[in-house]
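Here's the structure, in structure tokens; my notes come after.
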Amino acid sequence: MELPVTTKASGGRKTSYRIETKNLSYTFGSQYGEFNWVCCCRTPKKASRFIIRDVNCEARPAEITAIAGPSGAGKTTLLEILAGTISPSRVSGDILVNDQPMDNKRFRRISGYVTQDDALFPLLTVKETLMYSTLLRLPRGRKQAADRVRVLMKELGLEQVAGSRIGEGSNHGISGGERRRVSIGVELVHDPAVVLIDEPTSGLDSASALHVVSLLKTMAVNQGKTIVLTIHQPGFRILELFDRVVLLSNGFVLHNGSLKLLEEKLKFAGPCIPHHINVLEFAIDVTVSLSLVVPTSESPNVDQFVLNDIEEIKGKELEDDLSYQNSRFEEVLILGQRFCKNVLRTKQLFATRIIQALVAGLVLGTIFMNVGNDQGQVALQTRTGFFAFSLTFLLSSTTEGLPIFLQERRILMREISRGAYRVSSYVISNTLIFFPFLLMVSLLYATPVYWLVGLRRDMDGFLYFSLVVWMVVLMSNSFTACFSALVPNFIMGTSVIAGLMGSFFLFSGYFISKENIPSYWIFMHYLSLFKYPFECFMINEYGGEEGRRRCLESERGECKLYGEGFLRQQGIKDSQKWSNLGVMMGFILGYRNSAYLARGKMNVPDCEVEGLTITDHVQNP
């Protein structure tokens, strides 16, 4: 459905923005040279190459500027530079906004950037997705946010699917065209003056593609927005909606101006345009011929068209108000509500963890049933093995949340880079929502296994055991959250986490005592996530006043080994019962702070690092 675009530009917008680039170039160096330290041999670093070079172009208010060209021409790179998502360290040249140098941080706040991939929560509905984005991006109450969402859904033609979930993959939801419009809507909730969209028609049929571009044209004309998009092969009707075209080839600008001027260039170059091919499609096919008639890189290639209101906006600076739209408390509340809906609607995640905790506790309890009541060397070794296996089980399931974490972290990167909320608000809300759930899961595991195994039979011992289990699960969750923010993909994340967990178990003191660990490896003993909860389990079972009276081995009616003596043999002191919990809490806070710092670096874009996380999903016990 094609929307009317005849309405004149609205004069209500306070500031419009004209974007101009001058001699913009971007170099990309090989990453192999950065990892020479991994190899024993010296690998020469490959020379940097230009992705775009000496680009001069312009985007004006109330117009759609399309960046076109063949695959690998540099379209997305140019758009990312304009959006401020590429580190300026490898970019040369100037980007001017209303004739002023562009401040990336400020520009990201007043613009909207829609990536080619639709990074949305699949379990939220269309209305909820837009509502949460509005609450985070606008300093208004829920009533005003609901009014804004209602208007936006009407503009985007999403009213009929407002209650439908986004869906993803086998979880069927809305159509591809509707999902694309939702992605655009997420970046329009704060009414940005500049909208940058990467391949808005990618993967859509001709009708859906025309609908999306028609919507953008309506916004540009009616609201005076500056819209810049990349496109590969537009149809005739879509092409008519573009005001300006920037044609790229191998990083160079071959044309920057109107389609009429592009057609004149083609005629001047010689080839005849077939009737069944549009001007831009034909131009992409003959970019070699076009390159013969474009100006050299030293001279600007911006067509001299006059816009009536350019003088009015010339020299205006970006708004200085870059503060967050909500207080930290409000951000925690909004993010917490969104986390809750995502977790509760992920029935497999929610139910599986509860069932697994309960079943694992029952199975292990029946395997080691009443072993705590026996005496002798074998029973002692069996109980110690139970503690070690419990910790292995509790910490070995940490990688299960990695795929979801890596999938959702693109949303976090997009939202914090656009100033939607503070990274600390995300960490706090995540902690407040999932810590109670982890406590429930820990109790479901600890309750059956503790009493079936026949460990220390008093309520204090059970509560302490449950507390240690909870702390172990929290450490596991925090450890995974930290490294998930550092690794680029699931395979590397699994390898790193599994390798470290194996090392922690090896140096925990169970296989080899602290005295026999080489001095150059002793630091791993103190960094081990197994060491401290293992000692807590041992102290809870054999320490205290009961440990002094509890006989573990006897011969001919005479006790040879008491619980206190066994702890002394293991080099464990009763005083470590609570200090070890403090160390475990330090690990939890340390890993979470590291994850916070890693995610905070998402505010500093870099093209050579893929987008970093969202939810620290609950880990299995």
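The values are calculated or read from the model by the stated rules, or taken from the named source; none is laboratory data. Remember, predicted model here, so these are calculated numbers, not experimental data. In this analysis, Cβ positions are derived from the backbone assuming ideal geometry, glycine residues included, and neighbour counts consider all displayed protein chains. Heavy atoms of the whole protein, side chains included, go into the accessibility calculation; ligands, DNA and RNA do not. Shrake-Rupley method; radii C 1.70, N 1.55, O 1.52, S 1.80 Å.
Among the residues of segment 138-173, just one is closer than 12 Å to L120 by Cα and among the aliphatic types (A, V, I, L, M), namely I166. Taking segment 176-227 as the search range and keeping residues that are open to solvent by 20 Å² or more (accessible area, probe 1.4 Å) and in contact with a strand residue (DSSP E or B) (Cβ under 7 Å, 6 or more places away or on another chain), which one is nearest to A62 (Cα to Cα)? Filtering first and then ranking leaves K217.
Please pick out the residue among N477, N540 that is open to solvent by less than 20 Å² (accessible area, probe 1.4 Å), more than 27 Å from R592 (Cα to Cα) and not in a loop (DSSP other than H, G, I, E, B).
On the way: N477 fails: more than 27 Å from R592 (Cα to Cα).
Selected residue: N540, the only one of N477, N540 that is open to solvent by less than 20 Å² (accessible area, probe 1.4 Å), more than 27 Å from R592 (Cα to Cα) and not in a loop (DSSP other than H, G, I, E, B).
Just to verify a result, which residue in segment 19-37, among those that are modelled with pLDDT under 60 and in a loop (DSSP other than H, G, I, E, B), is nearest to C57 (Cα to Cα)?
Step one: filter segment 19-37 for residues modelled with pLDDT under 60, giving 30-37.
Going one step further and asking which of them are in a loop (DSSP other than H, G, I, E, B), we end up with 30-31.
Numbers: S30: 28, Q31: 30 Å.
Going through the qualifying residues, I end up with S30.
Confirm whether G203 is under 26 Å from the mean Cα position of the chain (by Cα) and at pLDDT below 85. The answer is yes for G203.
The helices (runs of 4 or more DSSP H) located wholly in segment 111-225 that include 2 or more residues which are under 30 Å from G72 (Cα atoms) and among the aliphatic types (A, V, I, L, M) occupy 176-186, 206-223. Within segment 234-249, not a single residue is assigned by the TED database to the domain that holds L79, of a type in the set (S, T, Y), farther than 28 Å from R49 by Cβ and at pLDDT 80 or above. Picking from A66, A119, which residue would you name as being at pLDDT below 90 and on the phi < 0 side of the Ramachandran plot? That would be A119, the only listed residue that is at pLDDT below 90 and on the phi < 0 side of the Ramachandran plot. Which condition breaks for V55 when tested against (1) more than 20 Å from K225 (Cα to Cα); (2) open to solvent by less than 20 Å² (accessible area, probe 1.4 Å); (3) outside any strand (DSSP E or B)? Looking at each condition in turn, V55 falls short on (3). Which one is surrounded by the fewest Cβ atoms within 10 Å (Cβ to Cβ) among residues in segment 411-432 that are part of a helix (DSSP H, G or I) and among the charged types (D, E, K, R)? Among them, the one singled out is R414. Scanning segment 543-574 for residues that are in a loop (DSSP other than H, G, I, E, B) and within 19 Å of F387 (Cα to Cα) returns G543, R550, Q570, G571, I572, K573, D574.
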